[in-house]
Amino acid sequence: MPQNIYKPRVRRRKAYAVAIRVLWSYLWLRFLSRFRGKAWYKRKVSSLNTRSADRIKKTILELQGLFIKFGQLISILSNVLPLAFREPLESLQDKIPPRPYEEVSATLKTQLGKSPEALFDHFEKEPIAAASIGQVHRARLGQEEVVVKIQHANIEVTAKADLIIIKNLLRLVARFYQIRGFEHLYEQVKVMISEELDYQREATAMKLIAESFETDNDYRLSIPEVFSEFTTPKVLVARFHKGVSIGNIKQLDAWKIDRKDLMDRLIRAYCKMILLDGFYHADPHPGNILVNEAGELILLDFGATAMLSPKMKGAIPKLIQAVIRDDDAEMVEALQEMGCISRSKDSFRTAEKFLGTLKEFMNSEVEINNLDVKINAGAGSVLRLVNQLDLRELTQAFEIPKDWVLLNRTITLLGGLTNQVAPDLNPIQVVRPFIKKHLVFTRDGLTGIVWDTLKTQAAAAIALPGDTHRFLKMANKGDLEVQIRGINKGHKLLYLLGLQFLYAGLGIAAILLRDIFGESQQNWMIGLGLFFGLLFLRASFRGRKLFRHKG
């Protein structure tokens, strides 16, 4: 690759030229379609998608740097981009040209003070993997086989220039389509890239996640040990693990490895990292997950890791409760606490409109039964949903916190990997037992949500109407002198009504929990249901007796 490609002005010229050329080709096609019709446009746009993707891919491979990262992100947007545009970019996942050995040797001398030959007993000049920010070589320290991850030279300068270019391109697209919100997304990507450029941070992440799996062998998952004395912000040395990519189906079958069990363990490992530990590996594409002949999982490349913020973790239960209560205002408030909604009146109105439209779609098209989700929607109903939502309004109202950027990418990659390795495996069937075992009976789990919801609804049923409350408050202060017949009995009736509602709700909750937990807890749940049923009958009998006496 010519060295002048790293100069910012050269990179700007090439990136902007391709962007304008691609944008102009779509504008010209739209203009011609006004005269030639929609059928002609549909025939032509597919081939234009392929040509544009090939053109973008060629430029990305020439520029490398952060453009490789964005090409990888584009290639996984399976629900947004057409297949003809997506396919040419998918090869960017694993086929990235390596940098020359001379550059690698110079970086090691700068970072560790010695050449590769002086540092290691053996160092392979050809890399075993290459990525947008660095590449990996095999080496040997004494009798220990290791891998050496070396950051590309001048990548920080290149990254700074690339971020400016990408920011300007996003502004151009946003201005052309009159969409706001890209600026916020850009800032999140900028933070993610700066974190990925620090290999010492990656080494710390590897140690933390490895420690969380040391005492639990159920996952059969390994994370390479880091050699701290050979690790700097631009160099990382870790133990070598033998294996093949989890996407190598042919080899997995030759080793007679149960692919469903393999993905079951991987999904549960991610549930542990995300839902329990709160700190997780955020780049589970096939090149970063190895499987050895014994069927053990090896997780590689911790450059992209993430931690859910306390604010995000605290707002998620609040959002779930708001959904249960069907409270739009609380849903919007929870989304705002997560950082998903900007603080403006227009944002609130747009968010409420979006939630209302989405709930209507969910109620009519989606069935949820015992944590199984079934979508009945056809293309027509989905299209109606999309048509009711204004993209410009949504991008102005909703922001994308960094927590969700990485979490969404992680889930997307895991879903695609499951479909590739074990297409018959339903991830919901894997996640459900994990949630039962680890989350349901915690204070912030399902039990807490049901209990808080019932308490709120019972309090609403027991409370006196607002006008009566204000009236009695005035009387208590001496502003009014009133005599109300049967007020004590009325209080008792309302109190007993609230108890009936509460006991009925708890009985129903026990029955639902019985269905969720299965046979192991059925007797307990049935017993609780009967107990609350008896309390309900007792409160009902007392209420009828008091009502007859009052009459």
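A short reminder: the numbers here are calculations on the coordinates, not readings from a lab. Since the structure is predicted, the reported quantities are computational estimates derived from the model, not experimental observations. Cβ atoms come from the backbone with ideal geometry, glycine included; neighbour counts cover every protein chain shown.
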In what order do HIS241, HIS122, HIS152, HIS285 fall by count of nearby beta-carbon atoms within 10 Å, going from fewest to most? HIS122, HIS241, HIS285, HIS152
Can you give the extra length, in nm with one decimal, that the chain gains between LEU27 and SER47 once fully stretched, where that is 0.36 nm per residue apart less the Cα-Cα distance? 5.7 nm
Please list 109-118, 158-167 highest first by mean number of surrounding beta-carbon atoms within 10 Å per residue. 158-167, 109-118
Label point 7 Å out from GLU225 along Cα-to-Cβ: which residues of the stretch 107-124 have amide N under 19 Å? 120-122
As a footprinting exposure proxy, order TYR219, TYR26, TYR270 by other Cβ within 10 Å, with the fewest listed first. TYR26, TYR219, TYR270
Which shape class applies to the stretch 235-297: rounded if a/c is under 1.5, otherwise prolate when a/b exceeds b/c and oblate if not, where a ≥ b ≥ c are the square roots of the Cα gyration tensor eigenvalues? oblate
Among VAL136, VAL191, VAL244, rank each residue by its count of other Cβ atoms within 10 Å, from fewest to most, as a rough exposure measure. VAL191, VAL244, VAL136
Spacing of the two label points (7 Å from each Cα toward its C-beta) at ARG432 and GLU62, in nm: 5.3 nm
Inter-label distance for ARG239 and GLU187, nm, one decimal - labels placed 7 Å from Cα along Cα-to-Cβ: 4.2 nm
Given R₀ = 22 Å, FRET efficiency for ILE164-LEU275 by Cβ-Cβ distance, to 0.05? 0.05
